[in-house]
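Worksheet for the structure shown next.
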Amino acid sequence: MTTTMTRRSLLAGAAALPLTASFARGGAPMMGVATPLFNRIALGSFDVTTLLAGTRAVPDPHSIFGLNASKEDFAAVSAGANLPTDKSQFFFTPTLVNTGAELVLFDTGLSGEGTTAALAQAGYTPDQVDVVVLTHMHGDHIGGLMTGDAPTYPNARYVTGAAEFDHWDMSGNETFEKQMRPLAEKAAFLDDGGSVASGITAMAAFGHTPGHMTYMLESGGKQLLIGADFTNHYVWSLAHPDWQVKFDADKEMASETRKRILAMLAADTIPMIGYHMPFPGLGYVETAGDGYVYVPHSYQLML
């Protein structure tokens, strides 16, 4: 005997089921917010990988960004970017560059643990790192140099700006003494225009710290700037380069540096990696009135 199933009969059958049968399957568990720990793109013959060494929420962003902006202006700019004004999300993003000849790590995060976890997810081990470049000596950039009493990257040589090292060398800073001092004899010091390796050039970007450096990558006719902290937030700093930032040592110089570098990036359509930009920290800069706008990378450097 042939049975013909119709939509009406199916619905009738479902309605006849006991109430408990409709809820026999529980929902999938809630997993919470999550972000991958690495993102890799190509720049000519280079592999460039950003590493999420950590992220955290920080309250009262106006006490950090836009110190010279009124409460009303800060609120209006934030609302225009759909950002809350009671808290912000901080990202800490070292960058790993594989030139084919050397594996070069830019900055080390707040601790060795966060960066090496991201490094492992990206397919590398700390002993494979050939060069560690320090853009500047704030704790969230040098905090992962040492793990206990041992170098986190045991086979690496170290490179940083000469002016930056000289400043911290006399500071008595506890993090510098613990993290950088044991490695000082293995470090090389650069000035503006100095070369880390073929295709990696130092560019002075003073202001955030006395010797803060950015680094230009060049391979296969393409360029990318590792911007570190010359700009610290994609709206409250990059879009408004005159806005003062709490962590900038020389606020006027930092503002002039921001405007100079942002103008270059916008004019030449050079992508940048920002250490504190929303992960994966990669994007472009465009002019917008008297300021700039950050345009996150989509797929341009995947091709």
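The values are calculated or read from the model by the stated rules, or taken from the named source; none is laboratory data. Every value quoted in this text rests on a predicted model; they were computed, and no experiment measured them. A quick note on method: Cβ atoms are made from the backbone with ideal geometry, for glycine too, and the neighbour counts reach across all protein chains shown.
Considering region 266-277 alone, what residues qualify as being more than 17 Å from the chain's Cα centre (by Cα) and under 23 Å from Asp107 (Cβ atoms)?
Once the filter is applied, which keeps residues that are more than 17 Å from the chain's Cα centre (by Cα) and under 23 Å from Asp107 (Cβ atoms), region 266-277 yields nothing.
Does Phe74 satisfy the condition of being under 22 Å from the mean Cα position of the chain (by Cα) and of a type in the set (Phe, Trp, Tyr)?
no
Yes or no, residue by residue, for (1) buried (at least 19 other Cβ atoms within 10 Å of the Cβ); (2) in contact (Cβ under 8 Å) with a residue 24 or more places away in the chain:
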| position | (1), (2) |
| --- | --- |
| Met213 | yes, yes |
| Ile226 | yes, yes |
| Lys246 | no, yes |
| Arg260 | no, no |
| Ala267 | no, no |
| Met272 | yes, yes |
| His276 | yes, yes |
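Taking Phe176, is it in contact (Cβ under 8 Å) with a residue 24 or more places away in the chain, in contact with a Gly (Cβ under 8 Å, 6 or more places away or on another chain), within 23 Å of Phe206 (Cβ to Cβ) and of a type in the set (Phe, Trp, Tyr)?
Taking the combined requirement at face value, the residue does not satisfy it.
Taking region 177-191, which residues are in contact with a strand residue (DSSP E or B) (Cβ under 8 Å, 6 or more places away or on another chain), surrounded by fewer than 16 Cβ atoms within 10 Å (Cβ to Cβ), within 18 Å of Gly211 (Cα to Cα) and not small (Gly, Ala, Ser)?
Answer for region 177-191, where residues must be in contact with a strand residue (DSSP E or B) (Cβ under 8 Å, 6 or more places away or on another chain), surrounded by fewer than 16 Cβ atoms within 10 Å (Cβ to Cβ), within 18 Å of Gly211 (Cα to Cα) and not small (Gly, Ala, Ser): just Asp191.
Are any residues in region 124-158 of a type in the set (Gly, Ala, Ser), part of a loop (DSSP other than H, G, I, E, B) and surrounded by fewer than 18 Cβ atoms within 10 Å (Cβ to Cβ), and if so, which ones? Even if it seems obvious, please write down each step before you answer.
Of the residues in region 124-158, the ones of a type in the set (Gly, Ala, Ser) are 139, 143-144, 148, 150, 156.
Subsequent filtering for residues that are part of a loop (DSSP other than H, G, I, E, B) retains 143-144, 148, 156.
Matches in region 124-158: Gly148 only.
Can you give me the ranges of the strands (runs of 3 or more DSSP E) entirely in region 183-272 with at least 1 residues that are basic (Lys, Arg)?
It comes to 222-228.
Testing Thr175 on (1) part of a helix (DSSP H, G or I); (2) under 16 Å from Asp229 (Cβ atoms); (3) in contact with an Asp or Glu (Cβ under 9 Å, 6 or more places away or on another chain), one condition comes back false. Which one is that?
(3)
List every residue pair whose Cβ atoms lie under 6 Å apart, where the two residues are 6 or more positions apart in sequence or sit on different chains, the first residue falls within region 285-298 and is within 16 Å of Ala81 (Cα to Cα), and the second residue, located anywhere, is aliphatic (A, V, I, L, M) and part of a strand (DSSP E or B).
Glu286/Val293; Glu286/Val295; Tyr292/Val285
Determine which member of the set Gly161, Gly220, Gly207 is in contact with a Gly (Cβ under 8 Å, 6 or more places away or on another chain) and crowded, with 19+ Cβ neighbours inside 10 Å.
Gly161
May I ask you to list the residues in region 113-123 that are out of contact with any Leu (no Cβ under 7 Å at 6 or more places or on another chain) and assigned to a loop (DSSP other than H, G, I, E, B)?
The one that is out of contact with any Leu (no Cβ under 7 Å at 6 or more places or on another chain) and assigned to a loop (DSSP other than H, G, I, E, B): Gly123.
Can you tell me which residue among Ser45, Ser63, Ser22, Ser9 is farther than 30 Å from Leu119 by Cβ, modelled with pLDDT of 85 or more and polar (S, T, N, Q)?
Only one candidate passes the filter, namely Ser63.
The conditions are (1) charged (D, E, K, R); (2) over 27 Å from Leu262 (Cα atoms); (3) under 22 Å from the mean Cα position of the chain (by Cα), and Glu185 fails exactly one of them. Which is it?
(3)
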